[in-house]
């Protein structure tokens, strides 16, 4: 029997630009709210698909890498130049655009890999309060 378990309440604040959308070509930021589900078999020895605390720790580690970053597509990394009196960290995304769809896919892929490639991962990522992408990986 396959069962889905989930955790909610993760948030990251990040900046990006989307050259594929003329109205969003300007550098801007969002609060992304993320929920994660995994699907797998219930382990008869524990009664769990996975202990919620293990899942929460794994997802926390992944999303922390995206928090307070400028998310830049790999193809644009060499084009970014910023000199400022503040700290700025860049998170490279291996996708053509830093959209919610691709950010969610990258997060889902990282969670999947950290969980040993054993569970189907579903990510729901909100960009603001009422716009979201939902990704099933793989």
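Data overview
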| item | result |
| --- | --- |
| Cross-chain or 6+ apart pairs with Cβ under 6 Å, the stretch 35-60 first and farther than 30 Å from residue 128 by Cβ, then modelled with pLDDT of 95 or more and outside any loop (DSSP other than H, G, I, E, B) | 42/3; 49/3; 49/5; 49/40 |
| Residue under evaluation residue 95, criteria (1) in a loop (DSSP other than H, G, I, E, B); (2) in contact (Cβ under 8 Å) with a residue 40 or more places away in the chain; (3) touching a helix residue (DSSP H, G or I) at 6+ places or on another chain (Cβ under 6 Å), criterion not met | (2) |
| Only one of 123, 90 that is under 21 Å from residue 15 (Cα atoms), buried (at least 19 other Cβ atoms within 10 Å of the Cβ) and touching a helix residue (DSSP H, G or I) at 6+ places or on another chain (Cβ under 8 Å) | 123 |
| Lone unmet requirement of (1) outside any strand (DSSP E or B); (2) touching a strand residue (DSSP E or B) at 6+ places or on another chain (Cβ under 6 Å) for residue 33 | (1) |
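Here's the yes/no breakdown for (1) on the phi > 0 side of the Ramachandran plot; (2) loosely packed, with under 11 Cβ neighbours inside 10 Å; (3) at pLDDT 95 or above:
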site	(1), (2), (3)
22	no, yes, no
32	no, no, yes
45	no, yes, yes
48	no, no, yes
51	no, no, yes
98	no, no, yes
115	no, no, yes
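The values are calculated or read from the model by the stated rules, or taken from the named source; none is laboratory data. Computed from a predicted structure; not experimentally measured. Positions of Cβ are backbone-derived with ideal geometry, glycine not excepted, and every protein chain shown enters the neighbour counts.
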